[in-house]
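Here is the structure we will look at, set down as structure tokens.
The values are calculated or read from the model by the stated rules, or taken from the named source; none is laboratory data. Computed from a predicted model, the values in this text were never measured in an experiment. Ideal geometry is used to build each Cβ from the backbone, glycine not excepted, and the neighbour counts take in all protein chains shown. Each accessible area value is taken on the protein alone, full model and side chains, heavy atoms only, with ligands, DNA and RNA left out. Shrake-Rupley method; radii C 1.70, N 1.55, O 1.52, S 1.80 Å.
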Amino acid sequence: MSENAVLRLRAQRLARATRPFLARGNRVLRCQRCLLPQKNCLCATIQPQPARSRFCLVMFDTEPMKPSNTGRLIADVLPDTQAFGWSRTEPDPQLLAAVKSEHYQPLVVFPASYADADRDVLTRPPLTGKPPLFILLDGTWTEARKMFRKSPWLDAFPVMSLNVTTPSRYTLREAHGVGQHCTAEVAAALLEQAGDLAAAAELHHYFERFRHAYLAGKPHHPVHSLENVL
């Protein structure tokens, strides 16, 4: 399995680090590709899919290095996914070029409540015209809001405000609020609404495999107690 854009971004970020990055569970021996415990590695199960939709991940600082990050799953399933580190003052020129591609319609995926009153807001992906380029701000909720507010280059693009009615299955980090979903869950919902059904199904199934494999390496996670009760 070849590297993807998130893995390349992770390698770049590690190369710039002045001290080791110690994520939670840093003593666990991990596969250096999927970042799961080696005994739970999922690399052999990845099944890339074609899709009309494209994704551009804008990742906050250390997000690519976190084993719990799910943006990486999108890049595994959709090899054309692009990933860039976020900078408030010096956005990556390649990122700016990517979102200005004449071949795609860039859409900033974020809740409509944060958009200015005069900004175009979509509630479903367009099914005609140029394929959508979904710009996902990948980080904690606080970090994502910061990226949305402090990235003037995003202001020219419509906001894609997604309504996901099913509860989040992501239990690897504590959610900031009720109804919030992780990056991979949002991407799977976008793919489904955009008509990329095979890619949506594979990303959903891959996310479930990843979730179970991740939690299997954390026997004291609260979810195990809940499962025992159920």
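Only one residue in 172, 203 is assigned to a loop (DSSP other than H, G, I, E, B), open to solvent by less than 30 Å² (accessible area, probe 1.4 Å) and either modelled with pLDDT of 95 or more or hydrophobic (A, V, I, L, M, F, W, C) (or both). Which one? Walk me through it before giving the result.
Numbers: 203 fails: assigned to a loop (DSSP other than H, G, I, E, B).
Being assigned to a loop (DSSP other than H, G, I, E, B), open to solvent by less than 30 Å² (accessible area, probe 1.4 Å) and either modelled with pLDDT of 95 or more or hydrophobic (A, V, I, L, M, F, W, C) (or both) holds for just one of 172, 203, which is 172.
Test residue 113 against the stated conditions and say whether it is at pLDDT below 95 and within 22 Å of residue 153 (Cα to Cα). Before the answer, list the steps.
Details: at pLDDT below 95: yes; within 22 Å of residue 153 (Cα to Cα): yes.
Spelling it out, residue 113 is indeed at pLDDT below 95 and within 22 Å of residue 153 (Cα to Cα).
Are any of the residues in region 39-54 closer than 25 Å to residue 150 by Cα and surrounded by 16 or more Cβ atoms within 10 Å (Cβ to Cβ)? Spell out how you get there, then give the answer.
So in region 39-54, the residues closer than 25 Å to residue 150 by Cα come out as 54.
Filter again for surrounded by 16 or more Cβ atoms within 10 Å (Cβ to Cβ), leaving 54.
Yes, region 39-54 contains a residue that is closer than 25 Å to residue 150 by Cα and surrounded by 16 or more Cβ atoms within 10 Å (Cβ to Cβ).
Hey, any hits in region 67-89 for a residue that's of a type outside the set (Phe, Trp, Tyr) and free of Cβ contacts under 8 Å to residues at least 12 places away in the same chain? So that I can check it myself, show each step before the final result.
Step one: of region 67-89, the residues of a type outside the set (Phe, Trp, Tyr) are 67-83, 85, 87-89.
Going one step further and asking which of them are free of Cβ contacts under 8 Å to residues at least 12 places away in the same chain, we end up with 87, 89.
Scanning region 67-89 turns up at least one residue that is of a type outside the set (Phe, Trp, Tyr) and free of Cβ contacts under 8 Å to residues at least 12 places away in the same chain.
Identify all residues within region 41-69 that are within 11 Å of the chain's Cα centre (by Cα), at pLDDT 95 or above and closer than 17 Å to residue 203 by Cα; write none if there are none.
If the condition is that a residue be within 11 Å of the chain's Cα centre (by Cα), at pLDDT 95 or above and closer than 17 Å to residue 203 by Cα, then 55, 56, 57 are the ones that fit.
For residue 88, state whether it is open to solvent by 20 Å² or more (accessible area, probe 1.4 Å), touching a helix residue (DSSP H, G or I) at 6+ places or on another chain (Cβ under 9 Å) and over 25 Å from residue 198 (Cα atoms). Step through it out loud before you land on a result.
Values: open to solvent by 20 Å² or more (accessible area, probe 1.4 Å): yes; touching a helix residue (DSSP H, G or I) at 6+ places or on another chain (Cβ under 9 Å): yes; over 25 Å from residue 198 (Cα atoms): yes.
It is true that residue 88 is open to solvent by 20 Å² or more (accessible area, probe 1.4 Å), touching a helix residue (DSSP H, G or I) at 6+ places or on another chain (Cβ under 9 Å) and over 25 Å from residue 198 (Cα atoms).
Determine which single condition residue 165 fails, assuming it passes every other condition in (1) at pLDDT below 95; (2) among the polar types (S, T, N, Q); (3) closer than 18 Å to residue 108 by Cβ.
Here residue 165 meets the rest and fails (3).
State all residues of region 55-71 that are β-branched (Val, Ile, Thr), open to solvent by less than 10 Å² (accessible area, probe 1.4 Å) and not in a strand (DSSP E or B); if no residue qualifies, say none. Don't jump to the end; show me each part of the working.
Of region 55-71, the ones β-branched (Val, Ile, Thr) are 58, 62, 70.
Those left that are additionally open to solvent by less than 10 Å² (accessible area, probe 1.4 Å): 58, 70.
Within region 55-71, just 70 meets the criteria.
Identify all residues within region 137-164 that are surrounded by fewer than 13 Cβ atoms within 10 Å (Cβ to Cβ) and touching a Ser or Thr at 6+ places or on another chain (Cβ under 8 Å); write none if there are none.
Correct list: 163 only.
With closer than 8 Å to residue 160 by Cα and part of a strand (DSSP E or B) as the only criterion, which of 137, 107, 133 stands out?
On the way: 137 fails: closer than 8 Å to residue 160 by Cα; 133 fails: closer than 8 Å to residue 160 by Cα.
Matching residue, one of 137, 107, 133: 107.
If you take the residues of region 113-136 that are closer than 19 Å to residue 150 by Cβ and surrounded by 12 or more Cβ atoms within 10 Å (Cβ to Cβ), which of them is farthest from the chain's Cα centre (by Cα)?
Across region 113-136, the extreme among qualifying residues is 119.
Of the conditions (1) open to solvent by less than 90 Å² (accessible area, probe 1.4 Å); (2) among the charged types (D, E, K, R); (3) within 18 Å of residue 55 (Cβ to Cβ), residue 100 fails just one. Which one is it?
Here residue 100 meets the rest and fails (1).
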